[in-house]
Structure formats: C-alpha cells, structure tokens
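A quick write-up on the structure given underneath.
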Amino acid sequence: MINRLKRSINDYFVGKEEVVDNLLICLLAGGHVLLEDVPGVGKTTLARTLASVVQMSFGRIQFTPDTLPSDITGVSVYNMKTGEFEFREGAIMRQMILADEINRTSPKTQASLLEAMAEGQVTVDGRIIRLPDPFMVIATQNPVSFAGTWPLPEAQLDRFMMKLSVGYPDADNEILMTRNFLDGRTPDTVEHVLTSEDVIRLRAEVRDVKVTDEILRYADDIVTLTRQESRFVLGVSPRAMIHLVQASQARAFLQERDHVIPDDIRAVVVNVLHHRVELTYEARVAREDVDAVIYADMLKARVPM
C-alpha cells in the first residue's frame with residue numbers, strides 16, 4: 001500500500017523522491033510540514049497531489065495581508081429569522097489544509113493556526129470545535145521575497161514537524177513535468193490509493209513501532225547538544241524531541257521495520273530541527289550553515305550499540 005502511494009505521487013510529481021518520502025513521514029507521524037522555496041517549483045501541486053492520492057478533503061487558504069482569523073476558523077453569524085447565532089465554518093474545516101504563502105498574512109491571523117496545529121481544534125466565541133481526523137497542515141512560504149511579509153514566530157515554527165525545500169528539477173524531469181501538463185494530467189487524475197480511514201489506521205501502526213530507551217537517549221543527546229551549541233541563539237524545544245522520535249518511527253515504518261534504529265534518527269534530524277534554531281550574529285557573519293552545525297552536533301552524540 002505504501003509503495004503504491006509513493007509510486008502514484010512520484011509518477012506525477014517527478015524527480016523529488018526524497019521530498020515525497022519526507023512528506024509521507026510527516027503524514028504517517030501526524031505532523032505538519034512547512035515548504036519553503038521559490039515560486040513555481042510545485043509546492044502547491046505536491047500538496048494537492050498528496051490530498052488526491054489519500055482521498056482527504058482538501059482546503060486551500062491563500063494568505064494575504066487582509067486575511068482575518070475568522071476566515072480561517074469560522075465565525076458565528078446572527079440569523080434574523082431564527083433569532084439565534086449560527087456557526088459558519090472557516091476554511092480550516094478540512095482534513096488537509098494548504099496554507100499558501102503563510103508569511104504574507106498578519107501575526108494575528110497566523111496565530112489562528114496555533115491551536116489547530118497543536119490540538120486539532122479551534123475555539124470560536126468560546127465554543128470548541130474539533131477538526132476532522134486525520135488533519136494535516138502543509139504551509140508554503142517564499143524565502144526570497146521580503147516585501148509585505150511577517151516572518152513566522154518561533155512558537156509557530158515549532159509546530160511544524162519538518163521544513164522541506166523542493167528545489168528546481170533537472171532537465172529531464174522538467175521536460176517530463178511539462179509533458180504531463182500538456183497531456184492534461186492534473187493532481188485530480190492521479191490514482192487514489194488510500195482513504196482517510198487508511199491513514200488513521202497507518203498512523204496507529206506507526207505509533208506501535210518500537211523505540212528503545214537507548215534510541216531515546218540518542219535523540220535526547222542530539223537535542224541537548226543544540227542547547228549547548230554556542231553558535232545557536234537557543235536550542236530546540238521538548239516538542240522537537242517528540243517530533244524527532246515520531247518522524248523516526250514513521251521512517252522505520254516506511255523502511256518496513258517494526259523498530260527504530262540510529263539511522264532513522266540521522267535520516268530525519270536535520271529536517272526536523274533546522275527551522276527551530278537560529279544562528280547567532282557572529283555565526284552568521286562567519287557564514288556558518290545551520291544544517292552543517294546540526295550535523296556536527298549529531299556526530300558528537302553517543303550512538304547506541
């Protein structure tokens with residue numbers, strides 16, 4: 001089932017197998033994804049393709065400076081006929097949400113996603129409304145354009161399990177992608193492999209993947225080293241530790257294993273941690289690379305036997 005899922009996505013979204021694998025890791029681990037890249041490389045297409053393949057209800061929110069929190073979560077509207085307030089659901093009431101250009105909206109509107117991403121619910125006029133299950137947010141942002149943008153605060157970045165970059169395709173895959181478009185292939189035409197019920201079941205199986213105390217200690221050593229790293233303003237949070245282990249479980253599951261090994265931690269650690277840390281001024285002047293620093297810290301951690 002998982003192999004069919006990967007094939008269906010890769011047949012349409014060509015040449016980006018590693019990105020697809022990491023996106024599936026987040027899907028199976030119950031995490032959210034931030035796609036940061038230049039316009040036009042397929043961030044929206046990837047999200048739509050995934051939603052189509054797993055047959056999850058899909059909602060797209062195009063963030064702009066005038067987008068309001070009520071546009072996201074919903075609002076209570078007074079019905080003059082009945083004399084009562086009626087709830088009108090917002091765009092977030094879908095199983096998979098594409099938060100397009102999330103950094104182009106105000107911090108107040110960005111904050112409307114915090115409760116949804118952390119707890120799977122929204123609060124409107126004191127009323128708690130559960131979101132559909134499964135629920136996943138795929139947000140996009142452009143790292144180049146800074147005009148009219150509000151950078152995501154650390155609290156919101158911390159709610160994303162991974163930050164991924166799609167990148168430009170090579171020549172052959174770019175030609176194949178264009179051919180697919182000319183032939184009328186769209187994300188809606190890909191093979192449907194899973195249902196939302198299948199995703200819920202697979203997530204339960206991922207949670208059953210065994211994680212030994214030695215593996216937990218290894219992950220904690222890496223997390224602790226980021227907090228001791230002099231080139232970082234601050235280290236990662238306990239939530240990062242949880243996300244690191246969950247992503248490792250999903251990676252082991254995709255590798256057809258029922259237990260996590262150190263290679264699983266090493267395979268996901270950079271994508272899980274690099275958006276949660278910030279280089280000091282001195283490190284930026286020295287042109288240090290966040291991913292390289294994280295990798296160096298990982299090499300210092302004690303590897304379980």
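Among the conditions (1) buried (at least 17 other Cβ atoms within 10 Å of the Cβ); (2) touching a Pro at 6+ places or on another chain (Cβ under 8 Å); (3) among the aromatic types (F, W, Y); (4) assigned by TED's automatic domain parsing to the domain that holds P39, W150 misses just one, which is (1). State yes or no: is L50 in contact with a helix residue (DSSP H, G or I) (Cβ under 7 Å, 6 or more places away or on another chain), modelled with pLDDT of 80 or more, outside any helix (DSSP H, G or I) and crowded, with 24+ Cβ neighbours inside 10 Å? It is false that L50 is in contact with a helix residue (DSSP H, G or I) (Cβ under 7 Å, 6 or more places away or on another chain), modelled with pLDDT of 80 or more, outside any helix (DSSP H, G or I) and crowded, with 24+ Cβ neighbours inside 10 Å.
Within the stretch 148-197, the residues that satisfy the criterion of being among the hydrophobic types (A, V, I, L, M, F, W, C) and more than 24 Å from the chain's Cα centre (by Cα) are A171, I175, L176, F181, L182.
Of the residues making up the stretch 225-241, those that are surrounded by fewer than 16 Cβ atoms within 10 Å (Cβ to Cβ) and part of a helix (DSSP H, G or I) are R227, Q228, P238, R239. Candidates are the residues of the stretch 162-183 that are assigned to a helix (DSSP H, G or I) and hydrophobic (A, V, I, L, M, F, W, C); the one that is nearest to G30 (Cα to Cα) is M177.
Within the stretch 184-212, the set of residues being part of a loop (DSSP other than H, G, I, E, B), at pLDDT below 90 and loosely packed, with under 13 Cβ neighbours inside 10 Å comprises G184, H192, T195.
Within the stretch 274-291, the set of residues being over 12 Å from V233 (Cβ atoms) and over 26 Å from the mean Cα position of the chain (by Cα) comprises V285, A286, R287. Residues that are within 17 Å of the chain's Cα centre (by Cα) and either within 24 Å of S165 (Cβ to Cβ) or outside the structural domain of L34 (by TED's automatic domain parsing) (or both) do not occur anywhere in the stretch 292-303.
If I filter the stretch 126-133 for residues that are buried (at least 19 other Cβ atoms within 10 Å of the Cβ) and in contact (Cβ under 8 Å) with a residue 60 or more places away in the chain, do I get at least one hit? There is no residue in the stretch 126-133 that is buried (at least 19 other Cβ atoms within 10 Å of the Cβ) and in contact (Cβ under 8 Å) with a residue 60 or more places away in the chain.
The values are calculated or read from the model by the stated rules, or taken from the named source; none is laboratory data. Please read all numbers here as calculations on a predicted model, not as lab measurements. In this analysis, Cβ positions are derived from the backbone assuming ideal geometry, glycine residues included, and neighbour counts consider all displayed protein chains.
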